[in-house]
Amino acid sequence: MSAVAPKVSVGIVTYNHAPFIRECLESALAQVTDFPFEIVVGEDCSTDGTRAIVEEYAARFPGRIRALLAEKNLGVFENWRRVLEACRGKYLANLDGDDRMRPGRLQKQVAHLDAHPDVAVLFTNLHVFDWPSGRSRGKLTPPGAPRIETLDDLVRHGMVYGHSSKMWRRSSQPLEWLPADAPHILDWPLTIENARHGRIAFLDELLGDYRKHAAAFTAGDLIRAQAHHEEQLRTLERARALHGVSESAVLHAQARLIYALAARHLAEGSFDRFRELIDSTRALPSVGPHHRFLLRLRAAPRFARAVTQAYLRLQSLRVLLAGS
């Protein structure tokens, strides 16, 4: 362990990331900075060889990498908690075990936080790509996405920035509020807690790579989508009681969450559930043109799905032709 206290702790949680974890760790080790940083890896009893890779890197870089090796599978929430509690830096940087940093990320984020003491949490943009094909999906946060600066913005619009790009101040991280009943969306409640202590900032630079693959939680089926939705609603109800959160933001968020789940059911051909969900948003604020489109066509779900699928194919083609 380094005798010099790190200015930044890079927190990595990993489980069954054997195809990805080497690239993840190498990308963190390759960061060039004018300050010391550490890498804290929480390995949660993987079954695919991830642990052996983490142990190999911890042995090769004893002054840079600290491996937290669970004796039994803890789950996402407890794995994250122990990593956050073990981090010693003034600033904490997240990197999921299946993603990568790009050169310059840590140095640029620290420079921004040092220069802006009112900023509690800082994100960058990420390049999204499919695995194993490598096909680009463009930017995680496209130019038209809402900009999030306040706690109210964050509740209203949710996580439009990538968790694997996030750096925040240790002083904005009370752990007691982190809910064990929302383990798969821990990024949103944690960032809500961060945002109670200062402004949210965004560097629109591609300083990381976000990998989409079948094993990711957000790539799951309707059962997992429903679980994700319920965790978000619980988080929203907690946020509702916080100072600085408006009722209009909560209502907008409710509409956004229900609409998103309705759209998933529509895509999967679950038309009765789609109609039930989308109809329940009629008294809530509109969250955009596609929401309004689905409301108008709730009685013709097959047509709505065909139009939506055609639009998504067109958007994918535009990204592919743009080459980014």
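General observations
- Meets criteria (hydroxyl-bearing (Ser, Thr, Tyr) and assigned to a helix (DSSP H, G or I)) for residue 281: no
- Residues that are buried (at least 21 other Cβ atoms within 10 Å of the Cβ), out of contact with any helix residue (DSSP H, G or I) (no Cβ under 6 Å at 6 or more places or on another chain) and in a loop (DSSP other than H, G, I, E, B), drawn from the range 14-56: 15, 20
- Qualifying residues in the range 148-184 (those that are aromatic (Phe, Trp, Tyr) and within 16 Å of the chain's Cα centre (by Cα)) - the one farthest from residue 203 (Cα to Cα): 168
- Selected residue [modelled with pLDDT under 95 and either hydrophobic (A, V, I, L, M, F, W, C) or farther than 30 Å from residue 150 by Cα (or both)] from 250, 245, 307: 307
- Scanning the range 85-107 for residues that are over 16 Å from the mean Cα position of the chain (by Cα) and not in a loop (DSSP other than H, G, I, E, B), we see that the one that is surrounded by the most Cβ atoms within 10 Å (Cβ to Cβ) is 105.
The values are calculated or read from the model by the stated rules, or taken from the named source; none is laboratory data. What you are looking at is a predicted structure, and each value in this text was computed from that prediction instead of being measured. Positions of Cβ are backbone-derived with ideal geometry, glycine not excepted, and every protein chain shown enters the neighbour counts.
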